[in-house]
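What follows is a single structure, written as structure tokens, with notes after it.
Nothing in this text is a laboratory measurement; each read-out follows from the coordinates by a stated rule. On a predicted model such as this, the values are computed, not experimentally measured, just so you know. Backbone-built Cβ (ideal geometry, glycine too); neighbour counts: all protein chains shown.
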Amino acid sequence: MIIIKRLFAEKILRYNENAGRFIMMLKRVPGIGKGVYTQVVDNGNNILKHIIGVLVQLVLLGWEFVKKLLFLIAFVWLPYRILANDCPLIAEQRTLTLMFLFFLICTVAGSIVNSVICVVDKRDYFMTRVVLISPAINSLGKVMYRMVTDFAFFALALYVIKLPMHVCLLLSLITMFARPIGEVLVVLMYEKARLLYNNRGAVFGTVMAVSLMAGYGVLYMTRTVSVFWHILVTPVFVIAIVVLGIISFLVLCNYRNYAGIVKDAIATK
């Protein structure tokens, strides 16, 4: 239980901060707002506080989902619609085309470009230097949170754009376990190719640009999608990615210099 609290200390702290902030906002609302503030602050009604906190958290999670859905529409669904107008075969291969684009842009590029080490901020500095959470524990907690949210939000977002349910779940599962694989690749970049890591903005921008151009360019030039990409939802491929993801996460957990890498990334941000 203690390790769980330490892994998700930042999320627990943010949960309490958001609840407190919303209660302070309610204080300014005539009538019910003052009563809620009195119950929580003056009378110590923790049940009411947690109800408010859960409701606020649900709203924030909803906003996270909306952002992922908008990203999916902008970079996967909309390009498909544009290409489908000119390419009848792509229009007929709707599910396969969306699978191909999603895998390149969200799974491959997303797991590297949005790696936890590369998006550290002042909040991470606060958690490691003030709250005194180990940099490795703080980072691993963020990786685990992103894995869970990637699976849940992408599965729902893919279902919204009308992909079959089993495809939604399998693609989201692949993306979930690609997250720790991307983290290990970035750690190796830090250790073995420091120059690339120091210029990670340009490197990751290139990775995303190449993924976009490869996805859109291949579809436009060939006017179709290879049936090879059905492999994305085959049991062998899915199990292979899950196993690699688990191994990668265990590597992060036991990597001797992981805490030092995260600490240095925070210090040089």
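Hydrophobic, long helices, defined as DSSP H runs whose alpha-carbon span along the helix axis is 20 Å or greater and whose mean Kyte-Doolittle value is at least 0.5, occur in the chain at 46-72, 135-160, 165-192, 200-222, 235-254. For the residue pairs Lys67/Lys192; Lys122/Lys192; Lys5/Lys122; Lys49/Lys263; Lys27/Lys263; Lys67/Lys263, alpha carbon separations beyond 32 Å are given by Lys67/Lys192; Lys49/Lys263; Lys27/Lys263. If only the Cβ of Lys and Arg carry +1 and only the Cβ of Asp and Glu carry -1, the dipole of segment 148-269 around its Cα centre is close to 180 debye. Specify the inter-centroid distance of segment 35-107 and segment 131-154, based on alpha-carbon positions, in whole Å. After rounding, the separation between the Cα centres reads 18 Å.
Size descriptor for the chain, Kirkwood hydrodynamic radius: 20.7 Å (Cα pairs only, one decimal).
Using every pair of alpha-carbon atoms in segment 104-228, split the distances into 10 Å bins beginning at 0 and state the percent of pairs per bin, rounded to integers. Reading the bins upward from 0: 12, 33, 35, 15, 4, 1. Taking all Cα pairs closer than 8 Å and separated by 6 or more residues, the relative contact order of segment 160-269 comes to 47 percent.
Calculated mean residue ellipticity at 222 nm for the chain: -24500 deg cm²/dmol, from DSSP H runs with n ≥ 4 weighted as -39500 (n - 2.57), summed, divided by the residue count and rounded to 500. Our summary gives the chain a relative contact order of 25 percent, counting only alpha carbon pairs under 8 angstrom and 6 or more residues apart. Phi-derived couplings, Karplus 6.51 cos²θ - 1.76 cosθ + 1.60 at θ = phi - 60°, listed residue by residue for segment 116-121: 4, 4, 8, 10, 5, 8 Hz, with x used for Gly and Pro.
Our analysis of segment 145-184 gives Rg over Rh at 1.01, with the two radii drawn from alpha carbon positions and Rh computed by the Kirkwood formula.
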